[in-house]
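Student: Okay, here's the structure, questions in a sec.
The values are calculated or read from the model by the stated rules, or taken from the named source; none is laboratory data. Predicted model, so just to flag it, every value in this text is computed and none were measured. FYI the Cβ positions are ideal-geometry reconstructions off the backbone, even for glycines, and counts take in every protein chain you see.
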Amino acid sequence: MNKYLLFLLIIISFSTFGYETTIINRNQKFKAKKTKVMLKDLISETHFEGKYFKIVNGKSNEAIVLTTKNQELHLKASTVYYHLTKAREYFINRLNSDYVKNLKQMTIRLEIKNVFNELGHFANDNLDPQYNNALSIPQGKGYPSAGIGPWGQEIWFRPKKIIKYKDLEKKPKLGSFKAAFKQFRRQVHLPTLNRFLGDVFIRDAYTQLTRTQRVDSIIRTAGASLVLELLIFNGNLIEWFFTRKKYWLDSALVPEIIYHEYTHQALSDEIDINISSPINEGMADYFATKISGNSKLAEKIKKYNTFNGKNAKNKKLFQLQYETNGFANADFVLGVLYGLESVIGIDTDKFLYKLRPSVDASSNIKDQLTKSIIKTYEKTENYHPLTRLKLMRYLHLKGI
Amino acid sequence: MMTKQLTTFLFILISLGFLSERAWCIDYKNTPFLNKLEGKSVHFYRKTFFGRWNFNRRIEKFSKELDDKKLEFIKKTFIKNDYICEEKLLTKLNKLMEITDRQYIRRTYYLYIIRINNLIDDVALGNYLNFNKVFPSVNLSSFNPKRFTQKNEKPLRIFSLRSKSKQCFIENTTSFFGEFKFNKKRIKTFLKNSSLKKFEKKLLLRAFKKDLYKFQLSNKKYEEKLRTIRSKISPDNTGTAIDWQKSNIISRPVDELKTSPRVNLLKKYNAFQIAIMNKVIKNFQQRAEMASWLNIQIFDTNNNLFEEIKIESPTEVYRFCIKLFRKEMSEIKINQLFNNTVPSFHDFLAASYEMGTINHDFLEELYKIEDLWNPKRTKWEKVKVWASITSQIASVFTPPPYNYLISFGLIAIEYYNRKTETASYEHSIFGDIK
């Protein structure tokens, strides 16, 4: 009897469950749609707790129940669980990552507003609540004397908060409408009063118009010019009228953000995740595009993200400011890494995964990144001097 | 001056020293101009749609006449001498295809088909085509040395003897006209007073009028030059023979050259010059493929090293190699051996490909490097400039408010096709390499 009981217990402890649910997923046209999928590797029949991921709400350590009445939370938990599983499989199956294979169950926190504290795990609830963001947390030893236990690797998805245009820290610059109208005025040869008068009267002197026609023509020119001047004067106002007034980001519902954050954890064996630098953000962005299978990140998903996304096929050229951490989230490094495929070929992701030990979060682009690309390539099995030369030309053309 | 000449001489010796005896395993016996390097012929490019359509149509049509069977016959029966003398190939082709002198287009396309099958290359094809324009066939059977017994007919006797000894027509007429220092009046007077028949006089006069003697590189000379170049080709570093590949880069038409880089190279430069240009590319290739980092040492006035700068950035190494390469190319221009010629980048490319220094892939990479110096404008960019100019002019003559529409269109075009930003390279020691 005892033997049977033991056998049953072993079976239960190793068995995993599937759960059919609705998530936000990309379709073939890269549009975000609600899709029914089967979540796998769940170890609980009642909670969002799997072998590799436990989805919790806020600071709680209890997994979210599958039957939660909060539909939005359910959608977020399902979406995050599904895409994290997909990202994990990519690192294991495609990149043969032993580190990822041996990662312990990761806690994924949804709707968490607290600032991360390296000692205390969660900063005080009243301290600068965070929204519209996601964050990868390294494991911590805790602070036992203060009753704070150790924690493992975690990913935090902040809640969405609608921010008004006027409250934005980095407002989109107005002025492009005004500039366009000014250019238009130049094109129609009315930049100065002299030229305007010339255009009104001299043009008609050459054409043999009747008096009524001439008056009509003058009125039309003057009227159109007046409208144009009004447009220039109110250019910024018109632009503001067309500009988005509210901004938000629901990071737990954007698949590429989930891939990006998981990549930070997957590369954390070599690249420190404590600092947000152009190199580690660029690497995370690159693998996010590979997992999603599209060069765009967080685009075409206006329902959940109204900020600018990223495009790996951007044509940005190197500028010194891209080296600073203030530009960590610019897509320049992503563009450089993605473009390597045109030189190295389809296994660029494997190549870049091998490259990670030679860079860290504090590496710069112009020296360390370029050097590690070349040095890593020199060590590959398919090394060819010509490809090395092509790599150097490619990096030069990127302005590095 | 003396030192400079000696340096040049030594440089040539060193260049050629690297190139040990041949590894060019080519069938010289019967097809001296066998094409192993050129891709699509420079003679096959047509600028207009109609031109391309007509070319393809005719190739298809005449390929049915000069079919595989006949091409095989040409391969088996035509000997080296048939290719070397332009008139002989044309005569044999006329006979094989049973065409008359008047069937110019047919003959031209038969020559194209021979080129498509790589039995000849572009230099040889160019010579045949040019000769075809002047003489579809040459009959010199009446030129018997015994006819010219008079003392003043010695040039004709020599001409006849040479033609009997199978010398090529171009070389023979060039020697003949050389007797008269290529003076038109003297040649005319001589021919008038000679015992030649009317059609014979006409033949020689036509050869002179059509400047046959000015042929930059006749097939005879070309064959000699080719032999010299190929005798200098060495196996690659591993000792294996070079894997020759055909490339469109060296056989495509280049506007400034008015021909292809390879044809231009072979017509303009001798074997020594080609070897020197090849050496420059070889140096660049070695540097570009092997250089890992740079070390700049700064000395004071007492020759003491006081600063050392290590440059490890791969892009800086690359820029240095390119700049040095460009400097070496410019230095060639002042080399005494290149007195009246200014070699272009295309010449360097063609020279190294001809000498087997670089393979097809490296040639492509070098070709792209030229884009760094002379960025090419795309068709759309060219169209945009013209559309913009035309619309701006139109907007002046169009009455308001319709001119506003044109201007709005212009702004829209410019907005959506803004100039891409240029890199500043402010962080670089060597800067941009344009």
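Student: Please identify the pairs in which a residue from the range B:153-178 that is touching a residue at least 60 places away in the same chain (Cβ under 8 Å) has its Cβ atom under 6 Å from the Cβ atom of a residue that is surrounded by 16 or more Cβ atoms within 10 Å (Cβ to Cβ) and part of a helix (DSSP H, G or I), counting only partners at least 6 apart or on another chain.
Tutor: The qualifying pairs are B:168/B:220; B:169/B:87; B:170/B:212.
Student: Scanning for something at pLDDT below 90 and within 14 Å of the chain's Cα centre (by Cα), does the range A:259-276 turn up at least one residue?
Tutor: Among the residues of the range A:259-276, at least one is at pLDDT below 90 and within 14 Å of the chain's Cα centre (by Cα), which makes the answer yes.
Student: Return the residue satisfying two criteria in turn: it lies in the range A:183-213 and is in a helix (DSSP H, G or I) and crowded, with 17+ Cβ neighbours inside 10 Å, and of such residues it is modelled with the lowest pLDDT.
Tutor: Restricting to residues being in a helix (DSSP H, G or I) and crowded, with 17+ Cβ neighbours inside 10 Å, the top hit is A:204.
Student: Every residue in the range B:79-116 that is in a helix (DSSP H, G or I), among the aliphatic types (A, V, I, L, M) and more than 16 Å from residue B:63 (Cβ to Cβ), please.
Tutor: Across the range B:79-116, the qualifying residues are B:84, B:89, B:90.
Student: Further question: Which of the residues that make up the range A:333-348 are free of Cβ contacts under 8 Å to residues at least 24 places away in the same chain and of a type in the set (Ser, Thr, Tyr)?
Tutor: If the condition is that a residue be free of Cβ contacts under 8 Å to residues at least 24 places away in the same chain and of a type in the set (Ser, Thr, Tyr), then A:348 is the only one that fits.
Student: Tell me which of these residue A:111 doesn't satisfy, since it passes every other one: (1) modelled with pLDDT under 90; (2) crowded, with 17+ Cβ neighbours inside 10 Å.
Tutor: (1)
Student: Which condition does residue A:81 not pass, out of (1) within 24 Å of the chain's Cα centre (by Cα); (2) over 25 Å from residue A:36 (Cβ atoms); (3) among the aromatic types (Phe, Trp, Tyr), if it passes all the others?
Tutor: Residue A:81 satisfies all of (1) within 24 Å of the chain's Cα centre (by Cα); (2) over 25 Å from residue A:36 (Cβ atoms); (3) among the aromatic types (Phe, Trp, Tyr) except (2).
Student: Looking at B:156, B:119, B:129, which one is part of a helix (DSSP H, G or I) and modelled with pLDDT of 90 or more?
Tutor: The conditions single out B:129.
Student: Ok, one more. Of the conditions (1) surrounded by fewer than 16 Cβ atoms within 10 Å (Cβ to Cβ); (2) within 30 Å of residue B:231 (Cα to Cα); (3) within 14 Å of another protein chain (Cβ to nearest Cβ), residue B:284 clears all except one; give me its number.
Tutor: (1)
Student: When only residues in the range B:323-341 that are of a type in the set (A, V, I, L, M) and more than 22 Å from residue B:432 (Cβ to Cβ) count, which is surrounded by the fewest Cβ atoms within 10 Å (Cβ to Cβ)?
Tutor: So, considering only residues that are of a type in the set (A, V, I, L, M) and more than 22 Å from residue B:432 (Cβ to Cβ), the one surrounded by the fewest Cβ atoms within 10 Å (Cβ to Cβ) is B:334.
Student: Going through B:378, B:390, B:398, B:357 one at a time, which residue ends up being more than 9 Å from chain A (Cβ to nearest Cβ) and either closer than 30 Å to residue B:233 by Cβ or at pLDDT 85 or above (or both)?
Tutor: Just a single option satisfies the conditions, and that option is B:357.
Student: Follow-up. Would you mind finding the one in B:415, B:425 that is within 30 Å of residue A:397 (Cβ to Cβ), in contact with an Asp or Glu (Cβ under 8 Å, 6 or more places away or on another chain) and either at the interface with chain A (Cβ under 10 Å from one of its Cβ atoms) or modelled with pLDDT under 75 (or both)?
Tutor: Of B:415, B:425, the one residue that is within 30 Å of residue A:397 (Cβ to Cβ), in contact with an Asp or Glu (Cβ under 8 Å, 6 or more places away or on another chain) and either at the interface with chain A (Cβ under 10 Å from one of its Cβ atoms) or modelled with pLDDT under 75 (or both) is B:425.
Quick grid of which residues meet (1) closer than 25 Å to residue B:72 by Cβ; (2) modelled with pLDDT of 50 or more; (3) in the same structural domain as residue B:88 (by TED's automatic domain parsing); (4) assigned to a loop (DSSP other than H, G, I, E, B):
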position	(1), (2), (3), (4)
B:4	no, yes, no, no
B:30	yes, yes, yes, yes
B:36	yes, yes, yes, yes
B:40	yes, yes, yes, yes
B:54	no, yes, yes, no
B:57	yes, yes, yes, no
B:61	yes, yes, yes, no
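Student: Which of the residues spanning the range B:355-383 are without any contact (Cβ under 8 Å) to a residue 24 or more places away in the chain, of a type outside the set (D, E, K, R) and assigned to a helix (DSSP H, G or I)?
Tutor: Hit for the range B:355-383 is B:383, nothing else.
Residues are listed down the side, and each one gets a yes or a no for (1) crowded, with 17+ Cβ neighbours inside 10 Å; (2) of a type in the set (A, V, I, L, M); (3) within 25 Å of the chain's Cα centre (by Cα):
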| residue | (1), (2), (3) |
| --- | --- |
| B:77 | no, no, no |
| B:81 | no, no, yes |
| B:86 | yes, no, yes |
| B:100 | no, no, no |
| B:105 | no, yes, yes |
| B:133 | no, no, yes |
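Student: May I pose another question? Could you tell me whether residue A:378 is away from every other protein chain (no Cβ under 14 Å) and either of a type outside the set (Phe, Trp, Tyr) or in contact with a strand residue (DSSP E or B) (Cβ under 8 Å, 6 or more places away or on another chain) (or both)? Lay out the reasoning, then the answer.
Tutor: Values: away from every other protein chain (no Cβ under 14 Å): no; either of a type outside the set (Phe, Trp, Tyr) or in contact with a strand residue (DSSP E or B) (Cβ under 8 Å, 6 or more places away or on another chain) (or both): yes.
It is false that residue A:378 is away from every other protein chain (no Cβ under 14 Å) and either of a type outside the set (Phe, Trp, Tyr) or in contact with a strand residue (DSSP E or B) (Cβ under 8 Å, 6 or more places away or on another chain) (or both).
Student: Also, I was wondering about something else. For the range A:300-340, give me each residue that is exposed (fewer than 13 other Cβ atoms within 10 Å of the Cβ), more than 14 Å from chain B (Cβ to nearest Cβ) and not in a helix (DSSP H, G or I).
Tutor: Within the range A:300-340, A:302, A:303, A:308 qualify.
Student: Name the one entry in A:67, A:79, A:85 that is at pLDDT below 95, hydroxyl-bearing (Ser, Thr, Tyr) and not assigned by TED's automatic domain parsing to the domain that holds residue A:350.
Tutor: Just a single option satisfies the conditions, and that option is A:67.
Student: Take the residues of the range A:171-185 that are among the charged types (D, E, K, R) and over 12 Å from residue A:229 (Cα atoms): which is nearest to the other protein chains (Cβ to nearest Cβ)?
Tutor: By that ranking, first place goes to A:173.
Student: Of all residues in the range B:308-354, which are away from chain A (no Cβ under 14 Å) and part of a loop (DSSP other than H, G, I, E, B)?
Tutor: Across the range B:308-354, the qualifying residues are B:334, B:335, B:339, B:340, B:341, B:342, B:343, B:344.
Student: Condition first: charged (D, E, K, R) and either more than 8 Å from every other protein chain (Cβ to nearest Cβ) or buried (at least 16 other Cβ atoms within 10 Å of the Cβ) (or both). Now tell me which residues in the range B:360-375 satisfy that.
Tutor: Result: B:364, B:365, B:370, B:371.
Student: Here is a follow-up. Taking into account only those residues within the range A:381-400 that are part of a loop (DSSP other than H, G, I, E, B) and within 30 Å of the chain's Cα centre (by Cα), which is farthest from the other protein chains (Cβ to nearest Cβ)? It would help to see each step written out before you state the result.
Tutor: Residues of the range A:381-400 part of a loop (DSSP other than H, G, I, E, B): A:381-384, A:398-400.
Still in the list and also within 30 Å of the chain's Cα centre (by Cα): A:398-400.
Details: A:398: 8, A:399: 3, A:400: 5 Å.
Filtering first and then ranking leaves A:398.
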